[in-house]
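The values are calculated or read from the model by the stated rules, or taken from the named source; none is laboratory data. Worth saying up front: this structure is predicted, and the values here are computed from it rather than measured. Cβ placement follows ideal geometry from the backbone for every residue including glycine, while neighbour counts extend to all protein chains displayed. For the accessible areas, the whole protein counts, side chains as well, though only heavy atoms, and no ligand, DNA or RNA atoms are used. Shrake-Rupley method; radii C 1.70, N 1.55, O 1.52, S 1.80 Å.
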Amino acid sequence: MVVQWTTCLACDLCGFYPGGYKKFDVPAASLQIVENSFIKKLQSSGRKLVVFYGSQTGTGEEFAGRLAKEGARYKMKGMVADPEECHMEELTKLPEIPNSLAVFCMATYGEGDPTDNAMEFFDWLKNEDPNLEGLNFAVFGLGNKTYEHYNKVAIFLDKRLEELGGNRVFELGLGDDDANIEDDFITWKEKFWPAVCEKFNIQSTGEEELTRQFRLVTHQPDEFTPNQIFQGEIARLHSLQVQKPPYDAKNPFLAQIIVNKELHKGGDRSCLHVELDISDSKMRYDAGDHVAIYPINDIDLVNRLGDLTGANLDEIFSLINTDEDSSKKNPFPCPTSYRTALSHYVEITALPRTHVLRELAEYCTNEEDKNKLLLMSTNSQEGKALYQSFIVDACRNIVHILEDLKSCKPTLDHLCELLPRLQPRYYSISSSPKLYPETVHITAVVVEYKTPTGRTNKGVATTWLAQHKPEEGKPFPRVPVYIRKSQFRLPLQTQTPIVMVGPGTGLAPFRGFLQERAHARASGKEVGTTVLYFGCRHRDQDYIYQDELEEYEKNGDVKLNVAFSRDQEKKVYVTHLLEKNMEELWDIIGNRNGHFYICGDAKYMAVDVRNIVLRAIQEVGGKTEEDAIQFLKKLESMKKYSSDVWS
């Protein structure tokens with residue numbers, strides 16, 4: 001069964017009792033001593049290639065795995081390594097292994113920051129001067145061009161490794177997730193491998209060998225008791241029943257959903273206001289932080305995938321890494337059922353990448369279906385165009401592909417290996433701990449749209465949240481969460497003036513900011529000018545938190561600038577309002593040492609707003625274009641111009 005966190009009542013299956021906790025029999029196999037020396041692992045297994053990853057959503061880890069696997073074709077058997085789980089100081093020893101190579105697949109997160117698992121590694125490189133002479137390296141970056149600090153982490157790493165004496169084997173690769181990062185990666189590695197062969201004087205062993213990274217073990221019904229089977233836990237067995245702080249990405253807190261209401265007053269879209277009870281968690285947050293939610297995949301999609309593969313979803317299985325030296329023994333917690341894996345661990349709504357299509361082709365009995373998948377997995381122009389039209393433009397996930405290519409019948413265990421891990425969804429917290437220390441508020445639009453093939457695609461987390469509202473007489477629904485700290489912060493001094501631009505759900509963190517500033521004013525503190533730009537489609541439909549905002553305005557807590565884009569013939573956006581107030585904007589950031597914040601769409605809105613700020617610096621502040629750019633960069637470095645944006 002899948003433990004739906006809404007109904008985790010007293011039962012012998014999960015071992016939870018209202019009066020206390022039952023003692024569990026934890027399999028001895030779950031207690032492992034982890035060897036953190038990647039040098040020892042390389043030496044003991046005769047390998048020369050190590051691929052490190054910095055990953056926030058799993059893509060960097062996935063790319064690293066593909067490179068390590070492909071290394072076998074070039075007599076460079078590789079291993080994947082997480083910098084957080086390694087002694088990265090050992091990079092100084094890697095040149096002692098002849099013809100060794102370190103590859104880094106590094107994502108840039110937030111405002112040019114390294115991912116959580118690469119933070120310590122980057123601090124070490126920045127603050128120390130290790131001798132990396134003779135280190136052979138290559139870097140591929142994962143970024144998004146709509147963000148100001150595009151691939152900043154990879155660019156820094158590539159330059160820093162060379163400064164410390166490293167030898168660049170192949171040029172820096174920059175992947176753009178706003179376009180087609182899969183295409184960028186394939187194009188880069190197709191030139192990377194020949195450069196590796198030339199450097200180390202080796203030859204390819206020929207055609208790509210399709211080998212499984214994990215082997216399937218099917219368990220008999222009596223092999224494990226229910227208490228020994230993972231049922232949705234992120235890492236530790238029973239962690240969702242026996243809760244132990246501290247709570248983080250691998251040990252989330254099971255929070256009660258105590259409020260879940262609709263914010264829109266009309267129209268065909270839905271926006272939820274959700275309140276999570278964190279009173280028993282010892283978790284703390286600041287206005288501007290993010291909350292991560294672990295969702296469950298749609299049960300209809302799960303059942304459909306079971307039908308399409310002819311699998312028994314309640315069968316218990318494990319996937320065991322064929323590489324005994326790997327620190328990653330399983331792709332997700334095992335043993336578990338296929339139903340649990342598809343519900344909690346596998347990303348089934350994402351658009352499959354080309355290497356998945358290549359593996360699926362082997363399961364086709366129809367030549368036309370097979371050739372179609374093979375073509376899309378190539379780097380040819382024809383293949384790229386077909387992948388773009390058939391997968392990307394049509395928004396086809398794995399279920400849709402198997403429905404449309406009927407002769408393709410992969411085994412479900414192989415799909416569980418190939419598809420990426422289901423990731424938590426992050427939301428800007430829309431409350432302040434000054435007012436709500438025991439609850440975290442979320443403001444989220446429910447994602448649902450029609451695809452060109454006539455299907456309806458739904459967002460994983462928001463769809464799940466929309467279906468789980470508190471009901472009188474029933475236990476509160478629960479969902480695993482943790483708090484992720486952010487650099488998106490109010491000024492330390494309450495008298496510092498601020499400007500906030502947040503159309504739509506970009507308002508979320510600013511609701512917390514407003515609560516904080518209003519609380520400070522009510523406490524007798526001096527509070528500086530607080531300006532908010534908010535926009536939506538219609539005043540009478542999607543003006544979220546209207547009563548709250550207008551009450552703040554009435555009390556003198558905020559100066560409101562509101563745009564309703566579709567309430568008149570000519571559309572009006574927040575950028576139009578901002579353009580009209582460039583004098584005030586410059587006065588706050590140029591004359592009064594104020595802070596500027598923006599939250600929302602990175603691709604269009606954030607870019608337009610940035611350009612208006614640059615214009616204000618030039619036209620009102622009297623600076624040249626070059627000086628205006630440097631002025632804005634200085635504001636950013638001092639955290640006086642902050643963005644919390646998404647693409």
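Find the residue count for region 520-574, including only residues that are touching a helix residue (DSSP H, G or I) at 6+ places or on another chain (Cβ under 9 Å) and at positive phi.
2
With the requirement that a residue be part of a strand (DSSP E or B) and open to solvent by less than 70 Å² (accessible area, probe 1.4 Å), what does region 249-268 give you? Please lay out each step first, then the result.
Step one: list which residues in region 249-268 are part of a strand (DSSP E or B), which gives 251, 253-262.
Within region 249-268, Asn251, Phe253, Leu254, Ala255, Gln256, Ile257, Ile258, Val259, Asn260 qualify.
Is it the case, given these coordinates, that Lys580 is touching a Ser or Thr at 6+ places or on another chain (Cβ under 6 Å) and either of a type in the set (Phe, Trp, Tyr) or open to solvent by 20 Å² or more (accessible area, probe 1.4 Å) (or both)? Walk me through how you get there before you give the answer.
Values: touching a Ser or Thr at 6+ places or on another chain (Cβ under 6 Å): no; either of a type in the set (Phe, Trp, Tyr) or open to solvent by 20 Å² or more (accessible area, probe 1.4 Å) (or both): yes.
Considered against the rule, which asks whether it is touching a Ser or Thr at 6+ places or on another chain (Cβ under 6 Å) and either of a type in the set (Phe, Trp, Tyr) or open to solvent by 20 Å² or more (accessible area, probe 1.4 Å) (or both), Lys580 comes out as no.
Considering every residue within region 55-76, establish whether at least one is buried (at least 19 other Cβ atoms within 10 Å of the Cβ), part of a strand (DSSP E or B) and out of contact with any Cys (no Cβ under 7 Å at 6 or more places or on another chain).
No: zero hits.
Cβ-Cβ under 6 Å, sequence separation 6+ or interchain: first residue in region 108-132 and open to solvent by 20 Å² or more (accessible area, probe 1.4 Å), partner basic (Lys, Arg) and at pLDDT 90 or above. Which pairs?
Sorted first by the residue in region 108-132, then by its partner, the pairs are Thr108/Lys152.
Contact list please: Cβ distance under 7 Å, first residue in region 450-467 and touching a residue at least 40 places away in the same chain (Cβ under 8 Å), second residue part of a helix (DSSP H, G or I) and open to solvent by 50 Å² or more (accessible area, probe 1.4 Å), pairs at least six apart or on different chains.
Short answer, once both residue conditions are applied: Pro452/Asp393.
Does region 419-432 contain any residue that is touching a strand residue (DSSP E or B) at 6+ places or on another chain (Cβ under 6 Å), charged (D, E, K, R) and assigned to a strand (DSSP E or B)?
Yes, region 419-432 contains a residue that is touching a strand residue (DSSP E or B) at 6+ places or on another chain (Cβ under 6 Å), charged (D, E, K, R) and assigned to a strand (DSSP E or B).
Could you tell me whether region 155-164 includes any residue that is open to solvent by 10 Å² or more (accessible area, probe 1.4 Å) and under 30 Å from Tyr387 (Cβ atoms)? Don't jump to the end; show me each part of the working.
Initially, region 155-164 is screened for residues open to solvent by 10 Å² or more (accessible area, probe 1.4 Å), giving 155-156, 158-160, 162-164.
Applying the additional criterion that residues be under 30 Å from Tyr387 (Cβ atoms) yields 155, 158.
Within region 155-164, one or more residues are open to solvent by 10 Å² or more (accessible area, probe 1.4 Å) and under 30 Å from Tyr387 (Cβ atoms).
When both residues are 6+ apart or on different chains and their Cβ atoms are under 8 Å apart, which pairs have a first residue that lies in region 588-611 and is within 18 Å of Cys536 (Cβ to Cβ), and a second that is in a helix (DSSP H, G or I) and hydroxyl-bearing (Ser, Thr, Tyr)?
Gly600/Thr505; Met605/Thr575; Asp608/Thr575; Val609/Thr575
Just to be sure, is Asn201 at positive phi and polar (S, T, N, Q)? Please lay out each step first, then the result.
Working: at positive phi: yes; polar (S, T, N, Q): yes.
Yes.
Looking only at residues in region 468-487 that are touching a helix residue (DSSP H, G or I) at 6+ places or on another chain (Cβ under 9 Å) and either aliphatic (A, V, I, L, M) or at pLDDT 95 or above (or both), which one is surrounded by the fewest Cβ atoms within 10 Å (Cβ to Cβ)? Full working, then the answer.
Just the residues of region 468-487 that are touching a helix residue (DSSP H, G or I) at 6+ places or on another chain (Cβ under 9 Å), to begin with: 468, 474-480, 484, 486.
Filter again for either aliphatic (A, V, I, L, M) or at pLDDT 95 or above (or both), leaving 468, 474-480.
Values: His468: 19, Lys474: 9, Pro475: 12, Phe476: 17, Pro477: 22, Arg478: 21, Val479: 22, Pro480: 24.
Here the residue is Lys474.
Take the conditions modelled with pLDDT of 95 or more, within 24 Å of Ile257 (Cβ to Cβ), in a loop (DSSP other than H, G, I, E, B) and among the aromatic types (Phe, Trp, Tyr) and apply them to Phe510. Does it pass?
Values: modelled with pLDDT of 95 or more: yes; within 24 Å of Ile257 (Cβ to Cβ): yes; in a loop (DSSP other than H, G, I, E, B): no; among the aromatic types (Phe, Trp, Tyr): yes.
Taking the combined requirement at face value, the residue does not satisfy it.
Identify all residues within region 384-401 that are part of a helix (DSSP H, G or I) and either touching a helix residue (DSSP H, G or I) at 6+ places or on another chain (Cβ under 8 Å) or open to solvent by less than 20 Å² (accessible area, probe 1.4 Å) (or both); write none if there are none.
Of the residues in region 384-401, the ones part of a helix (DSSP H, G or I) are 384-393, 398-401.
Lys384, Leu386, Tyr387, Phe390, Ile391, Ile398, Val399, His400, Ile401, listed by residue number.
Which members of region 270-281 meet the condition of being modelled with pLDDT of 95 or more and part of a loop (DSSP other than H, G, I, E, B)?
Taking region 270-281 and keeping what is modelled with pLDDT of 95 or more, we get 270-279, 281.
Hits for region 270-281 are Ser270, Ile278, Ser279, Ser281.
Residues are listed down the side, and each one gets a yes or a no for (1) open to solvent by 80 Å² or more (accessible area, probe 1.4 Å); (2) within 18 Å of Leu490 (Cβ to Cβ):
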position	(1), (2)
Ala522	yes, yes
Cys536	no, no
Lys554	yes, no
Lys559	yes, yes
Ala563	no, no
Arg566	yes, no
Lys570	yes, no
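Do any residues in region 136-147 that are farther than 26 Å from Gly165 by Cβ have Cβ atoms under 6 Å from those of residues that are open to solvent by less than 20 Å² (accessible area, probe 1.4 Å) and in a strand (DSSP E or B), where the two are at least six apart or on different chains, and which pairs are they?
Final answer for the pair search is Lys145/Asp176.
Of all residues being hydroxyl-bearing (Ser, Thr, Tyr) and open to solvent by 50 Å² or more (accessible area, probe 1.4 Å) in region 419-445, which is farthest from Thr57 (Cα to Cα)? Just the residue, please. First the steps, then the outcome.
Of the residues in region 419-445, the ones hydroxyl-bearing (Ser, Thr, Tyr) are 426-428, 430-432, 436, 439, 443.
Pick out the ones that are also open to solvent by 50 Å² or more (accessible area, probe 1.4 Å) and you get 426, 436.
Numbers: Tyr426: 10, Tyr436: 29 Å.
Among those residues, the one meeting the criterion is Tyr436.
Looking only at strands (runs of 3 or more DSSP E) that lie completely in region 543-647, which have at least 1 residues being in the same structural domain as His264 (by the TED database) and over 32 Å from the mean Cα position of the chain (by Cα)? Give the derivation first.
Numbers: elements: 559-564, 595-601, 641-646.
In region 543-647, no matching strands (runs of 3 or more DSSP E) lie anywhere.
Looking at (1) buried (at least 18 other Cβ atoms within 10 Å of the Cβ); (2) more than 23 Å from Pro491 (Cβ to Cβ), can you tell me which one Lys603 breaks?
Result: Lys603 fails condition (1) only.
Inside region 97-107, can you point out the residues that are touching a helix residue (DSSP H, G or I) at 6+ places or on another chain (Cβ under 7 Å) and open to solvent by 10 Å² or more (accessible area, probe 1.4 Å)?
Ile97, Asn99, Ala107
So, in region 480-498, how many residues would count as being closer than 23 Å to Met283 by Cβ and in contact (Cβ under 8 Å) with a residue 40 or more places away in the chain? Before you say what the answer is, go through the steps one by one.
Within region 480-498, the subset closer than 23 Å to Met283 by Cβ is 480-490, 492.
This time we only want the ones that are in contact (Cβ under 8 Å) with a residue 40 or more places away in the chain, so: 480-490.
Residues in region 480-498 being closer than 23 Å to Met283 by Cβ and in contact (Cβ under 8 Å) with a residue 40 or more places away in the chain: 11 in total.
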